[in-house]
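Undergrad: I have a structure I would like to understand better, so I am pasting it below and will then ask my questions one at a time.
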């Protein structure tokens, strides 16, 4: 009562948000080539690096010295493709703005940037028989042609609607292009630049999605195609012994002169005119990717924040740090552990960062997984971090107090994975339940609608999946209390448009039995996020496409419009303080919502859009990410008294 009497009658003025830094830094290399440096004559590794804040860049590494630099691109957030073309030039195809960019190797600068109107991604590039460079796009599923002389772009159309992706374009020996479309109705077509028209693939190429032209042949998988009709022919080169397993051509490494083969963890090279296969390396890449061959017969690759060069039968990988600093990146999520450390991780990059609350020191980790992708969320127990990650569908255990040894899968290590069971993206996040177990929500693999709730023992990693608890929809939010999981769903899917004929749902599941005891479909809603549970599980706070509302026991029917006056939720992570206050982002504002009365107050504003909000209750602080920036909001004594008095907490 004394607290209530001494608390401010009205909300104090908004607090000041203080910029504390740009802690999230990581490379995300998606493509690379080795070229002869026109300046030095030595091998030059050229890699594309993604950065949503500062933009795409090229990383140039002199393989002889290990020295390097970055060159900022004039457009694009990143690129999946990089091709050398005549004139000591490289062509980059960008996302999220769908542009062809030309880089002059001798002058070390970009000289042109040309848009493909209406397209967001240019996936890969192949040279056609007419001398133009062709690329496939998303979301139009189109083929585009770049004239390397005039730099004009021609829209060659979409040959396989309703597919959104023209994912692979492969050059055939006669100058035509094999076009592979996904995801709704996967198919292939051949584009003939001479006729400027599409045609069906021959029976021999049915099921072939990508390949390379080598020495007048088209090679794909373990198959070789020759002649004008692209019939299957016997391999005109020595092949690895079948006793060691299946082998396959690497279409990304293979050039018109040099054929690259892989067999399990073994890499071979065969140069036109040679008599024998050359063993290049024999070791597991552990999530590394091969990028290009060198003139000396070695192969270069990248693994997370490092690159490597393998050759001469290498059986051990020596990782080398990329010789340019990673740029500041937006964090995909933001959480505060019990010690007050702030955790996050970039969109793509598969790393984590943490910031010490006392010193402000920041650690950005190397890659936490052998899989590519990104960490979506993290939960904490006994000083250990449990990270839910796309694209392998993993929960990763990391103890920051122990030595780092991800290469040997010691720390961090994959505690469990759901990718092999059909679930790859943790769209529902991860949390520690009141029973000490991990709860995470998942979206199904590419090309499939569906979702699952995973219940995991943090010690053993033993997991139980409750599949499609709200029907064949992705799980977009999870909270737990009293043996029940409160779930939200979304119509989104990997590689598919939003599901039609249904709306998103809210439901309640008994964890012990997996039985769904309540399910409500919400007309007109695409995504239901379950944000918090208060009052011992009797009241659940939801966001319906950003509109805040609640559901209450005993039946948990969603109450509409419960919080009609509250600003719309636009942030990813939110936080709960003083038992019943939801702290979230709406535009540039940090908002405090009283989850019982529905009253809302502006706590602070930041210069950009609020992406995530995390709370350190012990210190009375909020941390807010906006773009690549991290801001701290310290609640004044009056703010703490005001919030505590409204919730009745001491």
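Undergrad: State which residue is surrounded by the most Cβ atoms within 10 Å (Cβ to Cβ) when the search covers only the stretch 509-529 and only residues that are part of a strand (DSSP E or B) and in contact (Cβ under 8 Å) with a residue 40 or more places away in the chain. First the steps, then the outcome.
TA: Taking the stretch 509-529 first, the residues part of a strand (DSSP E or B) are 509-510, 516-521, 527-529.
This time we only want the ones that are in contact (Cβ under 8 Å) with a residue 40 or more places away in the chain, so: 509, 516, 519, 527-529.
Values: 509: 23, 516: 18, 519: 16, 527: 21, 528: 29, 529: 25.
Checked the stretch 509-529; the qualifying residue surrounded by the most Cβ atoms within 10 Å (Cβ to Cβ) is 528.
Undergrad: Further question: Taking the stretch 478-502 as the region of interest, how many residues are in contact (Cβ under 8 Å) with a residue 60 or more places away in the chain and crowded, with 18+ Cβ neighbours inside 10 Å? Spell out how you get there, then give the answer.
TA: In the first step, residues of the stretch 478-502 are kept if they are in contact (Cβ under 8 Å) with a residue 60 or more places away in the chain; the result is 479, 486, 488, 490, 492, 494-497.
Subsequent filtering for residues that are crowded, with 18+ Cβ neighbours inside 10 Å retains 479, 486, 488, 490, 492, 494.
Here the count works out to 6.
Undergrad: Determine whether residue 148 is touching a residue at least 12 places away in the same chain (Cβ under 8 Å), surrounded by 15 or more Cβ atoms within 10 Å (Cβ to Cβ) and under 23 Å from residue 38 (Cβ atoms).
TA: Working: touching a residue at least 12 places away in the same chain (Cβ under 8 Å): yes; surrounded by 15 or more Cβ atoms within 10 Å (Cβ to Cβ): yes; under 23 Å from residue 38 (Cβ atoms): yes.
Answer is yes for this residue.
Undergrad: Suppose we filter 340, 392 for residues that are assigned to a loop (DSSP other than H, G, I, E, B) and surrounded by 19 or more Cβ atoms within 10 Å (Cβ to Cβ); which single one remains? Let's see the steps before the verdict.
TA: Working: 340 fails: surrounded by 19 or more Cβ atoms within 10 Å (Cβ to Cβ).
Only one candidate passes the filter, namely 392.
Undergrad: Exactly one condition in (1) closer than 30 Å to residue 140 by Cα; (2) within 25 Å of the chain's Cα centre (by Cα); (3) modelled with pLDDT of 95 or more is false for residue 501; which is it?
TA: (2)
Undergrad: Restricting to the stretch 550-562, give me the number of residues that are at pLDDT 95 or above and farther than 18 Å from residue 481 by Cβ.
TA: 0
Undergrad: Just wondering, is there one or more residues in the stretch 375-384 that are surrounded by fewer than 18 Cβ atoms within 10 Å (Cβ to Cβ) and part of a loop (DSSP other than H, G, I, E, B)?
TA: yes
Undergrad: Within 25 Å of residue 136 (Cβ to Cβ) and in contact (Cβ under 8 Å) with a residue 12 or more places away in the chain - does that describe any residue in the stretch 66-73?
TA: Our first condition is that a residue be within 25 Å of residue 136 (Cβ to Cβ); within the stretch 66-73, this holds for 73.
Now drop any that are not in contact (Cβ under 8 Å) with a residue 12 or more places away in the chain, which leaves 73.
Scanning the stretch 66-73 turns up at least one residue that is within 25 Å of residue 136 (Cβ to Cβ) and in contact (Cβ under 8 Å) with a residue 12 or more places away in the chain.
Undergrad: With in a loop (DSSP other than H, G, I, E, B), buried (at least 16 other Cβ atoms within 10 Å of the Cβ), touching a residue at least 24 places away in the same chain (Cβ under 8 Å) and in contact with a helix residue (DSSP H, G or I) (Cβ under 7 Å, 6 or more places away or on another chain) as the only criterion, which of 23, 12 stands out? Can you show your working first?
TA: Values: 23 fails: in contact with a helix residue (DSSP H, G or I) (Cβ under 7 Å, 6 or more places away or on another chain).
After ruling out the rest, the residue left standing is 12.
Undergrad: Kindly provide the set of residues from the stretch 56-74 that are more than 16 Å from the chain's Cα centre (by Cα), crowded, with 18+ Cβ neighbours inside 10 Å and in a loop (DSSP other than H, G, I, E, B), ordered by number.
TA: Passing the criteria: 63, 73.
Undergrad: Something else: Could you list, in sequence order, all residues of the stretch 353-379 that are more than 18 Å from residue 331 (Cα to Cα) and in contact (Cβ under 8 Å) with a residue 24 or more places away in the chain? Spell out the reasoning first.
TA: Going through the stretch 353-379, the residues more than 18 Å from residue 331 (Cα to Cα) turn out to be 358-359, 370-371.
Residues satisfying the conditions are 370, 371.
Undergrad: Counting just the residues of the stretch 347-363 that are within 10 Å of residue 26 (Cβ to Cβ) and modelled with pLDDT of 95 or more, which one comes out farthest from the chain's Cα centre (by Cα)? Steps first, answer last, please.
TA: Kept after step one, since they are within 10 Å of residue 26 (Cβ to Cβ), are these residues of the stretch 347-363: 347-353.
If we keep only those that are modelled with pLDDT of 95 or more too, we end up with 351-353.
On the way: 351: 11, 352: 13, 353: 16 Å.
In this case the residue turns out to be 353.
Undergrad: Just to be sure before I move on: is residue 447 surrounded by fewer than 24 Cβ atoms within 10 Å (Cβ to Cβ) and either without any contact (Cβ under 8 Å) to a residue 40 or more places away in the chain or part of a loop (DSSP other than H, G, I, E, B) (or both) in the structure I sent? Give the derivation first.
TA: Working: surrounded by fewer than 24 Cβ atoms within 10 Å (Cβ to Cβ): yes; either without any contact (Cβ under 8 Å) to a residue 40 or more places away in the chain or part of a loop (DSSP other than H, G, I, E, B) (or both): yes.
Yes.
Undergrad: Is there a residue being over 34 Å from the mean Cα position of the chain (by Cα) and touching a residue at least 12 places away in the same chain (Cβ under 8 Å) anywhere in the stretch 617-637?
TA: Our first condition is that a residue be over 34 Å from the mean Cα position of the chain (by Cα); within the stretch 617-637, this holds for 636-637.
Next cut, touching a residue at least 12 places away in the same chain (Cβ under 8 Å) only: 636.
Within the stretch 617-637, one or more residues are over 34 Å from the mean Cα position of the chain (by Cα) and touching a residue at least 12 places away in the same chain (Cβ under 8 Å).
Undergrad: Being surrounded by fewer than 19 Cβ atoms within 10 Å (Cβ to Cβ), at pLDDT 95 or above, more than 34 Å from the chain's Cα centre (by Cα) and outside any loop (DSSP other than H, G, I, E, B) is the filter here; which residues of the stretch 203-253 pass it?
TA: Result: 203, 204, 226, 231, 232, 233.
So that you can scan it fast, the table gives a plain yes or no per residue for (1) at pLDDT 95 or above; (2) assigned to a strand (DSSP E or B); (3) closer than 25 Å to residue 345 by Cβ; (4) out of contact with any helix residue (DSSP H, G or I) (no Cβ under 8 Å at 6 or more places or on another chain):
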{"site": "415", "(1), (2), (3), (4)": "yes, yes, yes, yes"}
{"site": "420", "(1), (2), (3), (4)": "yes, no, yes, yes"}
{"site": "431", "(1), (2), (3), (4)": "yes, yes, yes, yes"}
{"site": "453", "(1), (2), (3), (4)": "yes, yes, yes, yes"}
{"site": "465", "(1), (2), (3), (4)": "yes, yes, yes, no"}
{"site": "476", "(1), (2), (3), (4)": "yes, yes, yes, yes"}
{"site": "480", "(1), (2), (3), (4)": "yes, yes, yes, yes"}
{"site": "487", "(1), (2), (3), (4)": "yes, yes, yes, yes"}
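Undergrad: Another one. Based on this model, can you work out whether residue 297 counts as touching a strand residue (DSSP E or B) at 6+ places or on another chain (Cβ under 9 Å), within 17 Å of residue 266 (Cβ to Cβ) and assigned to a strand (DSSP E or B)? Please lay out each step first, then the result.
TA: Numbers: touching a strand residue (DSSP E or B) at 6+ places or on another chain (Cβ under 9 Å): yes; within 17 Å of residue 266 (Cβ to Cβ): yes; assigned to a strand (DSSP E or B): no.
Taking the combined requirement at face value, the residue does not satisfy it.
Undergrad: How many residues does the stretch 182-202 hold that are closer than 18 Å to residue 135 by Cβ, free of Cβ contacts under 8 Å to residues at least 40 places away in the same chain and part of a loop (DSSP other than H, G, I, E, B)?
TA: 0
Undergrad: Which condition does residue 423 not pass, out of (1) over 20 Å from the mean Cα position of the chain (by Cα); (2) within 22 Å of residue 513 (Cβ to Cβ), if it passes all the others?
TA: (1)
Table: residues versus (1) closer than 20 Å to residue 550 by Cα; (2) in a strand (DSSP E or B).
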position: 576; (1), (2): yes, yes
position: 582; (1), (2): yes, yes
position: 596; (1), (2): yes, no
position: 618; (1), (2): no, no
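Undergrad: Could you name every one of the strands (runs of 3 or more DSSP E) located completely within the stretch 106-175 that has at least 2 residues being over 23 Å from residue 30 (Cα atoms)?
TA: Details: elements: 109-115, 121-127, 133-138, 143-146, 153-155, 165-171.
Output list reads 153-155.
The values are calculated or read from the model by the stated rules, or taken from the named source; none is laboratory data. All figures in this text were calculated on a predicted structure; none of them were measured in a lab. No Cβ is skipped: glycine too gets one built from the backbone with ideal geometry, and neighbour counts run over all protein chains shown.
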